[in-house]
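What follows is calculated from the coordinates using simple rules that are stated; it is not laboratory data. Being a predicted model, the structure only gives us computed values, none of them experimental. Here the Cβ positions follow ideal geometry from the backbone for every residue, glycine too, while neighbour counts run over all protein chains shown.
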Amino acid sequence: MNNIIFTHEAGIELKRILASIPSEDIFVLVDNNSRNYCLEYLQPGYILPKHILTIPDGEHNKSLDYVSEIWHALSKRTARRNSVLINIGGGMITDLGGFAASCFKRGIRCVNIPTTLLAQVDASIGGKTGINFDGLKNEIGTFSIPEWVIIDNHFLKTLPLPHLLSGFAEMLKHALLADEDQLAEIMQADLSRASEEEFLGLIRQSVAIKTAIVQSDPREKGLRKALNFGHTVGHAIESIAIQKGLSLYHGDAVAYGMIAELYLSVRHTGFDEKHFKAIQKFISEKYPPYHPVAEAETLYELMLHDKKNEHAGVNFTLLRRPGEFETDHYCGKEDILEALQQIQCS
Ligand SMILES: NC(=O)c1ccc[n+]([C@@H]2O[C@H](COP(=O)([O-])OP(=O)(O)OC[C@H]3O[C@@H](n4cnc5c(N)ncnc54)[C@H](O)[C@@H]3O)[C@@H](O)[C@H]2O)c1
């Protein structure tokens, strides 16, 4: 965590960490929204360099075409091995810029300034970078830790509520992987105050939970799989939405997935049923309507082909209680279909 800065003065922090680097060696990557909403806030503390690369926002732009565009821009403006790329934006920008930086001249340094809640608590930390390729999400990528991450929740002032909710699902997941107290605190959080000082404390705790898990298993050989909690079902839900051309936020799919996977935890690893019901209610009330019953069979088929499965069946991370989890737990079709029925968000 010692290269992650939590602040309400992102511009001043940026100036401090880049003090010794000449401005011609500094490059900035933004999308149109982070350019419009976030750059001005940095200016009082930090004078932006002239090399600012802007790409259009949207997940479909996390692509090889834009990586290539970034590499062209860096080459043309004679970036060197000791240049720095500052990624300012949501997870799309930190994944894309992180990937481009990790390969350019065999790797230049990058600084992440995440401007969405999802990027602050998840995407910008932990060292996974990547792009979508051949219709597959995050198919190409690297493990590459950013030199610095500056987290300032002032940026969340302009972030629309659906994006806040999407990031909040990952905070809920981290709390479930931590302990009862953390969970209780997160369930009382007020998203309308996400840009205030107190919320920065919750973000810091959430980041600490993720980084502790990542540090114990940087390459996802064992313990890091816990961070997939809610994602086996969540990814299947996302895949159907993509196939149908529906827009669905990543965190929403994870929230629905957590309901199903907590139910499996009740059945398989003894998670307390009352506790499950409380979390099911919490998610159902907060997140948009979703009833997967009609597509349960398709969801099951998608899960069966998930790359995390190492043998027959579907691989899950399940919880015994908040803070205690079991990775590589295989469940059968009947249980999974029953678990999907528990997702009834109205
Ligand atoms: N590397 C990892 O470990 C990891 C983990 C989780 C998710 N991800 C990736 O993160 C991406 C999703 O991230 P996301 O949810 O941040 O999406 P995103 O980057 O697409 O941002 C969501 C929207 O918010 C806009 N935006 C950004 N900052 C804003 C601000 N301050 N005010 C107003 N609008 C703003 C963006 O332009 C975009 O339209 C996915 O590509 C996912 O694969 C990566």
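Around M92, with a cut-off of 9 angstrom between Cβ atoms, what is the net charge of the other residues, counting Lys and Arg +1 and Asp and Glu -1?
Numbers: positive: K62; negative: D31, D57, E59, D95.
Once positives and negatives cancel, what remains is -3.
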Completion exercise
the chain, Gaussian network, Cα under 10 Å: of S144, S68, S206, the residue fluctuating most is S68
Problem - Over the chain: helical MRE at 222 nm, DSSP H runs n ≥ 4 each giving -39500 (n - 2.57), nearest 500 - result: -14500 deg cm²/dmol
Exercise for the section: Using Cα positions and a limit of under 19 Å, work out the aspartates and glutamates in reach of K62, with same-chain residues fewer than 8 apart set aside. Expected result: D31, D95, D122, D134, E139, E238
Completion exercise
As straight-line cross-link partners of K50, the qualifying lysines (C-alpha separation under 20 Å, not fewer than 8 residues apart within one chain) are K15, K76
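Tally Lys/Arg at +1 and Asp/Glu at -1 over every other residue whose Cβ is under 12 Å from the Cβ of E24; what's the total? Intermediate results must be reported in sequence, preceding the final value.
Details: positive: K50, R77, R80; negative: D25.
Around E24, the surrounding residues sum to +2.
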Exercise for the section: Mind jotting down the three principal axis lengths of segment 161-341 based on Cα atoms? Whole angstrom, largest first. Expected result: 46, 35, 33
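Strictly over 29 Å apart at the Cα level, which of K173/K274; K221/K274; K105/K308; K137/K286; K157/K274 would you flag in this model? Kindly include the intermediate steps, with their values, before the conclusion.
Working: K173/K274 18 Å; K221/K274 32 Å; K105/K308 32 Å; K137/K286 26 Å; K157/K274 35 Å.
Beyond 29 Å: K221/K274; K105/K308; K157/K274.
How high is the FRET efficiency from A312 to N138, r the C-beta distance, R0 25 Å, rounded to 0.05? Working shown, then result.
Numbers: r = 25 Å, r/R0 = 0.99.
About 0.50, to the nearest 0.05.
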Problem - Backbone N under 14 Å from the A241 label point (7 Å along Cα→Cβ), restricted to segment 322-346 - result: 345
Handout entry: Cα pair distances exceeding 24 angstrom across segment 4-158, given as percent
Key = 23
Exercise for the section: May I have the pair-distance distribution P(r) for segment 166-273, computed from all Cα-Cα distances with 10 Å bins from 0 and rounded to whole percent? Expected result: 14, 40, 36, 11
Handout entry: Convex hull per residue volume in Å³, alpha carbons only, for the chain
Key = 124
Exercise for the section: Starting from the Cα of T7, step 7 Å along the direction of its Cβ; do the same at E334; then give the gap between the two resulting points in nm. Expected result: 5.8
Completion exercise
With the 8 Å Cα cutoff and a minimum separation of six or more residues, segment 4-158 has a relative contact order in percent of 27
